[in-house]
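Below: the structure, in structure tokens.
The values are calculated or read from the model by the stated rules, or taken from the named source; none is laboratory data. It should be emphasised that the depicted structure is a prediction, and the values quoted were computed from it without experimental measurement. Note: ideal-geometry Cβ built from the backbone for every residue, glycine included; neighbour counts use all protein chains shown. We work out accessible area using only protein heavy atoms, side chains counted, and drop any ligands, DNA or RNA first. Shrake-Rupley method; radii C 1.70, N 1.55, O 1.52, S 1.80 Å.
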Amino acid sequence: MSNLDQLVKNEFIKLHHYKSTWAMYIFIAVLLVGSALITRFFVDQSLMINETFQEGLAEAYQSMGVEIPAYDMWAFLSENISLINLIIIFTIVVAAKIISNEYKWGTIKLLLIRPAGRGTVLTSKYITVLLFSVVLIIYTIILSMLIGLIFFGIDAWNPIILDNMGSSYTEISMIAAIGKDVLFYLVPLIVIATLSFMVAILFKGSAMAIAASLTVYIAAPIITLMVSKYEISKYLLTAHLNLRSIFEGAPLVEETSFGFSVTILIIYYLVFMVISWLTFQKRDVTGH
Amino acid sequence: MTEIAMELKNVSKRIKNKEIIKNVSFQIKRGEVFGFVGPNGAGKTTTIRMMVGLMKLTEGDIRIVGKSIQTDFSEAIREVGAIVENPEMYPFLTGRKNLEQFARMVPGTSIERIEEVVRLVGLEKVIHDKVGGYSLGMRQRLGIAQALLHKPSILILDEPTNGLDPSGMKEIRQYIRRLAEKENVSVIVSSHLLSEIELMCDRIGVIKNGSLIAVEDVEKNRKLQDSDISEYLIYVDKAKAAKEHLDGLENSLFVRVIDDTTIQTAIQREQVPHILKELLNHHINVYEVQATKNTLEDKFFDLIGENVIE
Ligand SMILES: Nc1ncnc2c1ncn2[C@@H]1O[C@H](COP(=O)(O)OP(=O)(O)OP(=O)(O)O)[C@@H](O)[C@H]1O
Ligand SMILES: [Mg+2]
């Protein structure tokens with residue numbers, strides 16, 4: 001295990017030699033600048049505030065005596081946290097390619113005839129996938145703050161807002177609220193990335209992995225609704241990916257508790273990991 | 001240190017009930033160049049894949065410097081550098097960056113060592129170019145550089161002369177000999193052409209349909225034995241006269257005239273001086289005698305027969 005860090009370094013170097021990786025960074029930047037331009041110059045910001053503050057949120061602010069914040073850097077940032085949806089899609093692609101490319105190029109052979117051993121090689125790739133998604137998230141946050149600061153300025157350094165904490169609206173600092181949102185995104189990110197990783201290992205190719213993972217992730221609500229009248233629907237992975245709405249009391253399948261969802265997610269995750277590692281360690285590396 | 005660098009013991013491989021490798025056993029000594037020859041589909045690459053742990057053994061064991069590839073993988077593989085099938089590298093990285101990747105995979109491989117192997121395989125000029133633009137010969141060299149990076153005691157090269165031009169082939173041959181003789185590295189080279197690797201090998205193992213059918217000592221086979229019958233071309237000044245004279249000898253030989261100055265005959269090696277004396281004594285000048293077939297090649301063809309891919 002001693003040179004796991006060196007293997008992760010190798011994977012990062014390879015990953016950042018693909019044009020598609022740099023396209024991901026650029027795409028996020030373009031989206032952020034675009035959305036800032038539109039918000040700043042083409043949309044009435046008070047309208048945007050009104051849109052956000054529907055459904056009793058504005059009343060909650062009033063009744064709790066908290067001032068409705070102006071549209072500033074923080075608002076811009078918290079709006080763009082949803083870009084993690086895009087990062088999840090990027091991560092699906094990276095998880096699939098990091099495995100399939102080695103088979104495509106035939107370099108898998110050179111990777112596996114080193115003292116590190118197969119388990120360590122696979123671990124280094126898995127760590128790289130997750131680390132890359134974290135890098136993308138941090139990049140998105142920092143860039144959002146910079147762009148937000150330039151276009152909208154800043155009202156307070158850490159404003160207090162109201163946020164849905166399951167049972168009711170609660171006062172919470174802006175930074176904590178954003179942190180909570182990011183954590184809720186990390187759950188489907190990790191599970192779906194692991195799914196893509198597993199399918200890529202099973203098929204030694206990326207097409208199936210990307211297709212399957214994208215379908216599960218994007219069509220999760222539809223798939224769940226389609227089978228919702230059957231008992232098994234509550235055991236489907238797709239019913240539990242949106243952990244945030246479950247936490248806020250609006251699960252896709254009725255009466256699933258937060259604890260139940262977490263348990264199901266952990267079980268799926270463990271199954272994906274075990275299948276991935278066992279397959280990769282046991283299987284012969286052949287020419288085809 | 002043991003004198004045996006690698007040992008295959010009753011190695012078998014079955015894939016979907018098809019026996020691809022059948023009970024193969026042999027040993028490779030330290031500092032020896034071992035040729036692994038067989039027709040297409042004989043099982044060379046499969047055997048090599050098992051040697052380096054890419055494929056599991058169905059039966060038997062492979063020990064590298066005494067350590068089993070099955071139970072002691074890390075220790076065993078540390079001693080091995082290999083190219084399996086084709087010298088594949090990351091096409092979007094330069095040769096140098098590729099080698100840096102492999103250096104990081106084995107702790108203790110220095111930058112100086114990278115430069116050393118680049119010089120050894122003569123890639124200095126293109127090492128900063130992307131591998132995607134390399135010719136097959138250049139990739140073959142980079143593959144060898146990669147295999148040597150961590151100073152293995154066994155080098156395994158699957159068809160290393162594939163894609164090399166004659167001078168490149170000669171260079172690799174000399175280089176492999178030097179590694180074996182000076183650095184005591186054992187080298188296993190596979191090929192489907194005996195003639196390509198015969199010159200650099202100490203011993204040759206012949207594999208056919210997954211069975212090791214012979215192991216031959218190249219040095220012993222290089223010289224014709226006295227009782228071996230072989231074909232000779234004799235270059236003379238008067239071919240017809242030579243044939244007439246030889247036909248007239250007591251135990252008449254089969255002699256064929258090829259052209260005005262060349263005859264061909266099949267005789268035992270010990271008869272050669274006698275025939276030459278006869279010709280010279282009768283004022284037929286002899287300029288050259290050439291044995292047209294090499295015995296190892298004969299044996300190889302006898303063993304392999306026709307190249308039938310099953
Ligand atoms: N993964 C596999 N599944 C089924 N059969 C296989 C597999 N790998 C190899 N074989 C079969 O095993 C036999 C030996 O193949 P191998 O690649 O070892 O031959 P080789 O001696 O290296 O031939 P070549 O000179 O063409 O490289 C062939 O008949 C091949 O079809
Ligand atoms: Mg082969």
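Counting only helices (runs of 4 or more DSSP H) that fall entirely inside the stretch B:29-124 and contain at least 3 residues that are closer than 19 Å to A:Ile113 by Cα and either of a type in the set (Ser, Thr, Tyr) or touching a residue at least 60 places away in the same chain (Cβ under 8 Å) (or both), the qualifying elements are B:44-51. The set of residues in the stretch A:123-143 that are buried (at least 19 other Cβ atoms within 10 Å of the Cβ) and within 14 Å of another protein chain (Cβ to nearest Cβ) comprises A:Ser124, A:Lys125, A:Thr128. Looking only at the stretch B:23-46, residues that are among the hydroxyl-bearing types (Ser, Thr, Tyr) and within 13 Å of another protein chain (Cβ to nearest Cβ) come to 2 in all.
If you go through the stretch A:112-159 and keep only what is closer than 20 Å to A:Ile178 by Cα, touching a residue at least 40 places away in the same chain (Cβ under 8 Å) and outside any helix (DSSP H, G or I), you end up with A:Gly153, A:Ile154, A:Asp155, A:Ala156, A:Pro159. Where strands (runs of 3 or more DSSP E) fall wholly inside the stretch B:133-214, the ranges with 1 or more residues that are within 27 Å of B:Ala76 (Cβ to Cβ), out of contact with any Gly (no Cβ under 6 Å at 6 or more places or on another chain) and open to solvent by 20 Å² or more (accessible area, probe 1.4 Å) are B:203-208.
Taking the numbered list (1) within 19 Å of B:Leu157 (Cα to Cα); (2) more than 10 Å from every other protein chain (Cβ to nearest Cβ); (3) surrounded by fewer than 20 Cβ atoms within 10 Å (Cβ to Cβ) in turn, B:Val121 passes all entries but (3).
The single residue among B:Ile69, B:Ile83, B:Ile127 that is more than 30 Å from B:Val11 (Cβ to Cβ) and more than 7 Å from every other protein chain (Cβ to nearest Cβ) turns out to be B:Ile127. For the structure I just gave you, tell me whether B:Asn86 is within 30 Å of A:His16 (Cα to Cα), within 14 Å of ligand 1 (Cβ to nearest atom), surrounded by fewer than 22 Cβ atoms within 10 Å (Cβ to Cβ) and modelled with pLDDT under 95. Spelling it out, B:Asn86 is indeed within 30 Å of A:His16 (Cα to Cα), within 14 Å of ligand 1 (Cβ to nearest atom), surrounded by fewer than 22 Cβ atoms within 10 Å (Cβ to Cβ) and modelled with pLDDT under 95. Is at least one residue of the stretch A:18-32 open to solvent by 90 Å² or more (accessible area, probe 1.4 Å), under 23 Å from A:Leu143 (Cβ atoms), at pLDDT below 95 and within 14 Å of another protein chain (Cβ to nearest Cβ)? There is at least one residue in the stretch A:18-32 that is open to solvent by 90 Å² or more (accessible area, probe 1.4 Å), under 23 Å from A:Leu143 (Cβ atoms), at pLDDT below 95 and within 14 Å of another protein chain (Cβ to nearest Cβ). Set side by side, the residues B:Leu155, B:Leu149, B:Leu194, B:Leu212 differ, and just one is under 28 Å from B:Lys67 (Cβ atoms) and within 16 Å of ligand 1 (Cβ to nearest atom), which is B:Leu212.
Does A:Ile172 satisfy the criteria of being open to solvent by 80 Å² or more (accessible area, probe 1.4 Å) and free of Cβ contacts under 8 Å to residues at least 60 places away in the same chain? Answer is no for this residue. Under the condition of being open to solvent by 20 Å² or more (accessible area, probe 1.4 Å) and within 14 Å of chain B (Cβ to nearest Cβ), the residues counted in the stretch A:60-105 number 4.
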